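K.L.:
Take a look at this one; I'll ask things after.
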């Protein structure tokens, strides 16, 4: 099935949603995107796995990157897509996260043969799964030159606002030790689950930092995301593990975050499981400032981790700006508002014209 | 292989240990015990599964039951048995729990053709596993008359002291609820693991009761034996379950214990997983008092749950009295002291002569 890039953004979003593309199964959709873009003479198209990159080469003074992932989370009885009776809302898996953003990218690629800035359009796979499979990550390693630019926009759901930077995320296992004993003589041992109450006390009394970074207010979080312990129904357990997830503002590096967590949980064994740095919003960079001025609205901080951090690693300022609504991403009732798709396309087109 | 009941208690213990009989695999040992006892004309032998019962029928005014389990926990590089160089200690799986006690039962059955009280010797299987497989439990349901008596002695490890009664045991799952959210916006949810800190606070501040029951001091215990919670590394969890084990003194019934736990954890969902009542020591009953006077020493409370509770259910006063050492039961270094086997046999023989 071919994609019709001359259709309006909402119609194109519905067509994209109806190409099932759960992570790992993006090939048919990537093929259709590649075919549609290859037909446009003003774009040079490259393919790597199921990631498609299309670039103008007009010799403009600035190059910007518009990027989005084509995969979705698994279906939850919300496939295929469905418009409401007024055609003001489109429901279905990936409508908000983020095929409406992909539709905007494709509409701009189609309708702007001579943008005022050179544009690199990136359509990548496997964003919803482990980082090692992420198409943008793989491309940033195999062919970073294809991602070069002065500024990047990720069309992730942001409710039509500019969301700057992102918070980092760290997971660590806190292991509390005790001593085994039979529960009939529990005073011979030391209960590690009871002792883990001290770890929970740290979490319960923790006050989130809300630093302002480059003008945007972030909001940190520290949560137990798992707890496990226990040997048998008649044994005082000698080990309890609390896994915590620390979401840290982008004024802290990954190393800062790790040091902070090790200090906070110093009485116990701390094992860092993974860490992904955040990204400063960088809205003071000239390319970013002109983007914000062009699309309007008040920028706000992005709290979740997104692939803007990958652009930050490559030294490219990046923001999230897309028609979807982040709060309903990954829910069975996911939808996108049709006017938001049109507004996003119009504002980006104005910026690039 | 046949058992030689004319050998001394330590030699017989070693022979019994060297019949591997992990729970469920007692048949060869039960066969050997049945053969050895059937050869003794003063005993009537009955078999039910891998449980063997042998009885004198001398028409005495009193009948006592001597009982022990023939199974062991799984081997832990402690098989077969081994004497130390002075032959003062015998090491190996089941030496203390409780083949030394089984050896004493067999020695008494062999050497006392005309005891002063009629004796029922019970050798049963599957004590170390779930209650529904326990040979004594099954016999108490299928043929309780075979267990009839005025008094019972379980030759469980008790360090050569009389241990009276036993504490009950109850397990319950305490479920703490919260509300899911993405950890990047954790304040949108309610972390159930953090909230479980309140359950751990109850456990940490709990003061054990130490009631005196029929002259013996018990010592209760309340412990978390398992904790679990967590959905994914980026999700605020909406459920955390703490499993607790309450060991309660025998002045409380199973219903009392359940009511107490439901009250203590009233703010949360409480699901009782299993409960086994304790048994009062009953040392004031005439048969028990004469036993204590005969074997000497100061009786103490049994804190763990044992099969004396089954005799209590049948209305038969019962105590634990055996040569093993309860503190090292189920450990890889399990052993029994040779003089303790002899002393136990001699004192019981004196009581029954």
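K.L.:
What's the number of the only condition in (1) surrounded by fewer than 16 Cβ atoms within 10 Å (Cβ to Cβ); (2) touching a strand residue (DSSP E or B) at 6+ places or on another chain (Cβ under 9 Å) that residue B:78 fails to meet?
P.N.:
Answer for residue B:78: the failing condition is (1).
K.L.:
How many residues does segment A:157-179 contain that are farther than 16 Å from residue A:229 by Cα and away from every other protein chain (no Cβ under 12 Å)?
P.N.:
The total comes to 8.
K.L.:
Moving to a separate point now. I'm trying to understand the selection: among the residues of segment A:181-239, which are in a loop (DSSP other than H, G, I, E, B), more than 8 Å from chain B (Cβ to nearest Cβ) and either crowded, with 17+ Cβ neighbours inside 10 Å or more than 36 Å from the chain's Cα centre (by Cα) (or both)?
P.N.:
Correct list: A:189, A:214, A:218, A:220, A:238.
K.L.:
Determine whether residue A:278 is in contact (Cβ under 8 Å) with a residue 40 or more places away in the chain, crowded, with 22+ Cβ neighbours inside 10 Å and either within 14 Å of chain B (Cβ to nearest Cβ) or within 28 Å of residue A:165 (Cα to Cα) (or both).
P.N.:
Criteria met by residue A:278.
K.L.:
Restricting attention to segment A:241-262, does a residue exist that is touching a helix residue (DSSP H, G or I) at 6+ places or on another chain (Cβ under 6 Å) and within 30 Å of residue B:274 (Cα to Cα)?
P.N.:
The answer is yes, given that some residue of segment A:241-262 is touching a helix residue (DSSP H, G or I) at 6+ places or on another chain (Cβ under 6 Å) and within 30 Å of residue B:274 (Cα to Cα).
K.L.:
Go through segment B:17-36 and give me each residue that's in contact with a helix residue (DSSP H, G or I) (Cβ under 6 Å, 6 or more places away or on another chain) and surrounded by fewer than 23 Cβ atoms within 10 Å (Cβ to Cβ).
P.N.:
B:19
K.L.:
Can you tell which of A:52, A:93, A:104 is in a loop (DSSP other than H, G, I, E, B) and either crowded, with 21+ Cβ neighbours inside 10 Å or free of Cβ contacts under 8 Å to residues at least 12 places away in the same chain (or both)?
P.N.:
Just a single option satisfies the conditions, and that option is A:93.
K.L.:
Select from segment B:240-270 the residues that are away from every other protein chain (no Cβ under 14 Å) and in a strand (DSSP E or B) and write down the one among them that is farthest from the chain's Cα centre (by Cα).
P.N.:
B:269
K.L.:
Another question, then. Can you pull out the residues in segment B:63-77 that are modelled with pLDDT of 95 or more and assigned to a loop (DSSP other than H, G, I, E, B)?
P.N.:
B:70, B:71 - these are the residues of segment B:63-77 that are modelled with pLDDT of 95 or more and assigned to a loop (DSSP other than H, G, I, E, B).
The values are calculated or read from the model by the stated rules, or taken from the named source; none is laboratory data. Quantities reported herein were computed from a predicted structural model and do not represent experimental measurements. Cβ coordinates were reconstructed from backbone atoms using ideal geometry, including for glycine residues, and neighbour counts include every protein chain displayed.
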